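The values are calculated or read from the model by the stated rules, or taken from the named source; none is laboratory data. Keep in mind it's a predicted model, so treat the numbers as computed, not measured. Positions of Cβ are generated from backbone atoms using ideal geometry, with glycine treated the same way; all protein chains shown enter the neighbour counts. Heads up: the accessible areas ignore ligands, DNA and RNA and are worked out on the full protein's heavy atoms, side chains in. Shrake-Rupley method; radii C 1.70, N 1.55, O 1.52, S 1.80 Å.
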Amino acid sequence: MDIRRTTTVTELRAAAHLFDAPPRAEWAAGFLAADGHLMLIAYVDGVPAGFVTGVEMLHPDKGSEMCLYELGVDERFRRRGIGGALTRALVDVARERGCYDVWVGVEPDNDAALATYRSAGAVPDGGCAVLVWEFGTP
């Protein structure tokens, strides 16, 4: 397995099968160009097998933290440690960038995600609720 930072729309779109919906070129370009937005893709024998995205956020009183925004592994490659490896790689990048922590929101019944993140060293913070304002699909 080879984990690389994604820097081009071509690389990102070559991994389109890993996303919930086909990535739009303009959104992909905007994501990759935005300061603090990171995407890492894991390749197995040259095939995109999984990805993780992170968004670095700067607080005026705390410094920078990284949000692990999304993790996805192709079903054919699951249970091989790819999700954990991608998570650890993002944590390493966050540490190198001087972030004070990395956090991720997880549904409480998503056992696979919880196990993956815990295997990569994450610990529960005591719980939180996630509230959203939905504006519809673009």
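Miscellaneous remarks
- Some residue of segment 119-133 being assigned to a helix (DSSP H, G or I), farther than 21 Å from residue 43 by Cα and not hydroxyl-bearing (Ser, Thr, Tyr): no
- Within segment 36-57, not a single residue is open to solvent by 80 Å² or more (accessible area, probe 1.4 Å) and touching a strand residue (DSSP E or B) at 6+ places or on another chain (Cβ under 7 Å).
- Filtering 54, 30, 72 for residues that are more than 28 Å from residue 122 (Cα to Cα) and not acidic (Asp, Glu) leaves a single hit, 30.
- Options 74, 125, 111: the member that is surrounded by 10 or more Cβ atoms within 10 Å (Cβ to Cβ) and modelled with pLDDT under 95: 111
- Residues of segment 4-21 classified as open to solvent by 50 Å² or more (accessible area, probe 1.4 Å), part of a helix (DSSP H, G or I) and free of Cβ contacts under 8 Å to residues at least 24 places away in the same chain, total: 2
- Selection from segment 91-108 of residues that are of a type in the set (A, V, I, L, M, F, W, C) and open to solvent by less than 100 Å² (accessible area, probe 1.4 Å): 91, 93, 94, 99, 102, 104, 106
- Of the residues making up segment 22-31, at least one is surrounded by 15 or more Cβ atoms within 10 Å (Cβ to Cβ) and among the aromatic types (Phe, Trp, Tyr).
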